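Student: My questions all concern the structure below.
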Amino acid sequence: MAKKHKRQHQDHPSIGISKLAQSRLAKQKQRKKVTLWASIGVVALVAIILLTGFVTQQLIPVIIPLHKTVLTVNGVEYNAQYIARLVNYFTGGDPTYAYLYIDYAIETAKQDQLIKEAASKLGITVSDDEVKAYLSDAKLKDNQTTRDIAYGSLLYKKLIDQKFKPEIGSSGLQRQAYVMLLESAAEAEAVMARLKAGESFADITAELSLDATTKTDKGDLGYHPKGIFDGLVTATGLDDKIFSGAVNDISYYYDDTKSKQLGYWIIKVTEKSTSNGVTTAKVSGILLPTIEKAQEIQQKLAEGGDFATLAKDNSQDSTTKDTGGVLATLTQGTSTGAYVDWVFDENTQVGAVSDTIKTTDSATTGAYWLYQIVSEQPNRDFTEDDQTTLVNAAFSDWAKALADDPANKIDEVTLTEAQRDLIASQSEKA
């Protein structure tokens, strides 16, 4: 049997590369390197551009300023972003009124921190779980600003329930009073005489009172504790008068803060002419709150007082106060006002000054409260409204005392216009 010969494996012989091919391969590798580095360069350039844009458009003008402290209250710092978020809460994200709320937001942050510190000393605090539940119920984002909002709201309720309601109590001394608002001391004296003659307080109030509440209620404001009467009729000093006199006293006083739809004009004609059948007149005026004040100014004019100066010093009409009395150019037959008939009367000459002219077309400040202390109950139950008013007033007084305490260390930065612009713009996005 013939032997089979195994075929020996033969290695492939080396393949030779020409110099031309080697050159081309080297160039190809070089091109790949160039392309790689070019790609890296482009990516780096884009990154630099993006980073530069971020730095110039966000980091420097927005992020850094937002994190600058604008308020420090006893060591607690608040930055501009905090204030922007607080403004957002107050405005609901509407930028229209953002500027109006910036200072209010700063004051709120300041006061809330002082209240938080004072309440803590009383043992009244709010837990983290309570804050979280509040944020969840109110669907608010969780950040330091909203946590403080939640804390402040919950703390206020606890302070009312645990401190101020118990201090005010549910009953106390109350007085019943009849009240009316009158235009002058002379009218008050006349009403006093009518009351002494037996006329009804209710009837006279319905006839004469310049205050809508007392006119509607015929003067009877009912029983209230001290601290309520001023608010019922927007008065100043009425509570003090009612609770300082004796039961059955009838008296009156001047309230220089009370607004009413009544006043007295003193008018001066400075020019008057007729053209093409149309008569016009330029007039100056002084608007005064009472007949007594009007008579006082008339006396000064009669003694040679300067009309313009007296108008600037005394007129309650903003136009004539600012212009030294210059009021308007009137046209006979079309202009209206309490003084028009006098101005165009044929006997009224240029330079003439009127007597007092009563008007109900203009509001003035200052009137007379006439009151009667009807009766007293030493321990009458407070109405819910009266108790709420007293409690809120007590809280406000307490908070004000905290704010006025010189022991507080408060550092408030005066905001630049740029900072205000930033806070207002960011409040929309907070």
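Only the coordinates and a few stated rules stand behind these numbers; no lab work does. Given the structure is predicted, the values throughout are model-derived calculations rather than measurements. Glycine also receives a Cβ, built like all others from the backbone with ideal geometry; neighbour counts cover every protein chain displayed.
Student: Ignoring GluC sites (Glu not before Pro) that are buried or in helix or strand per DSSP, and keeping those with at most 10 other beta carbon atoms within 10 Å, what is the longest stretch of the chain between them?
Tutor: Details: sites that count: Glu303, Glu346.
For GluC sites (Glu not before Pro) (loop position, at most 10 other Cβ atoms within 10 Å), the longest site-free span of the chain is 1-302.
Student: Now for a different question. Over the range 263-362, what relative contact order in percent results from Cα pairs under 8 Å that are six or more residues apart? Write down the numbers at each step before the final one.
Tutor: Values: 178 pairs, mean separation 38.7, N = 100.
Relative contact order here is 39 percent.
Student: Taking a threshold of 31 Å on the Cα-Cα distance, which of the pairs Lys293/Lys400; Lys165/Lys215; Lys215/Lys400; Lys196/Lys358; Lys196/Lys241 fall above it?
Tutor: Details: Lys293/Lys400 36 Å; Lys165/Lys215 33 Å; Lys215/Lys400 35 Å; Lys196/Lys358 28 Å; Lys196/Lys241 20 Å.
Exceeds cut-off: Lys293/Lys400; Lys165/Lys215; Lys215/Lys400.
Student: Suppose a student asked you for the relative contact order of the chain, using Cα pairs under 8 Å spaced at least 6 residues apart; what percent would you report?
Tutor: 23
Student: Follow-up. Calculate one ³J(HN,Hα) per residue across the range 405-411 by plugging θ = phi - 60° into the Karplus curve 6.51 cos²θ - 1.76 cosθ + 1.60, and present them in order as whole Hz with x for glycine and proline.
Tutor: For the range 405-411, the Karplus-derived couplings read 5, x, 6, 5, 10, 10, 10 Hz, x marking Gly and Pro.
Student: Give me, ordered by chain and number, the residues 5 or more places off Gly366 or on other chains with an amide H under 5 Å from its own placed amide H.
Tutor: Lys258, Ser259, Lys260
Student: Okay, next question. Just to be sure I understand: if I project the alpha-carbon convex hull of the range 181-312 onto a plane and average over all orientations, what area do I get in nm²?
Tutor: Values: hull surface 47.6 nm².
Directional mean of the projected Cα hull area for the range 181-312 stands at 11.9 nm².
Student: How far is helix 384-404 tilted, in degrees, relative to the longest principal axis of the Cα atoms in the chain, given as a value from 0 to 90 rounded to the nearest 10?
Tutor: 70
Student: Run lengths n ≥ 4 of DSSP H only: what is the helix-derived mean residue ellipticity at 222 nm for the chain, with -39500 (n - 2.57) per run over all residues, to the nearest 500? List each step's numbers first, then the result.
Tutor: Values: 17 runs with 202 residues, N = 430.
Using -39500 (n - 2.57) per qualifying helix, the result is -14500 deg cm²/dmol.
Student: Taking the Cα atoms of the range 263-362, what is the range of coordinates along each of the three principal axes, in descending order and whole Å?
Tutor: Here the spans come out as 40, 28, 24 Å, largest first.
Student: Considering only C-alpha atoms, what is the centroid distance from the range 129-180 to the range 181-195, in Å?
Tutor: Answer, in whole Å: 44.
Student: Within the chain, what's the longest run with no trypsin sites (Lys or Arg not before Pro) in a DSSP loop and at most 15 other beta-carbon atoms within 10 Å? Give the range, please.
Tutor: Excluding the exposed sites themselves, the longest stretch runs over 142-408.
Student: Classify the range 262-304 from the C-alpha gyration tensor, please: rounded if a/c falls under 1.5, else prolate or oblate depending on whether a/b exceeds b/c.
Tutor: Values: a/c = 5.12, a/b = 2.17, b/c = 2.36.
Here the range 262-304 falls in the oblate category.
Student: Gln176: net charge of surrounding residues, Cβ under 10 Å, Lys/Arg +1, Asp/Glu -1, itself excluded? Each step should come with its number before you reach the end.
Tutor: On the way: positive: Arg175, Arg380; negative: Asp220, Glu376.
Taking every Cβ under 10 Å from that of Gln176, the sum is 0.
Student: What number comes out for the charge environment of Leu155, summing +1 per Lys or Arg and -1 per Asp or Glu over other residues with Cβ under 9 Å away?
Tutor: Details: positive: Lys116, Lys157, Lys158; negative: Asp112.
Net local charge, Leu155 excluded: +2.
Student: Applying the Karplus parametrisation 6.51 cos²θ - 1.76 cosθ + 1.60 with θ = phi - 60° to the phi angles of the range 87-96, what ³J(HN,Hα) value in whole Hz is obtained for each residue in order, glycine and proline being reported as x?
Tutor: Ordered by residue, 3J(HN,Hα) equals 4, 4, 5, 5, 9, x, x, 7, x, 4 Hz.
Student: While we're here: Once a ≥ b ≥ c are taken as the square roots of the eigenvalues of the Cα gyration tensor of the range 62-143, is the result rounded (a/c under 1.5), prolate (a/b larger than b/c) or oblate (a/b not larger than b/c)?
Tutor: Values: a/c = 1.85, a/b = 1.29, b/c = 1.43.
Verdict is oblate for the range 62-143.
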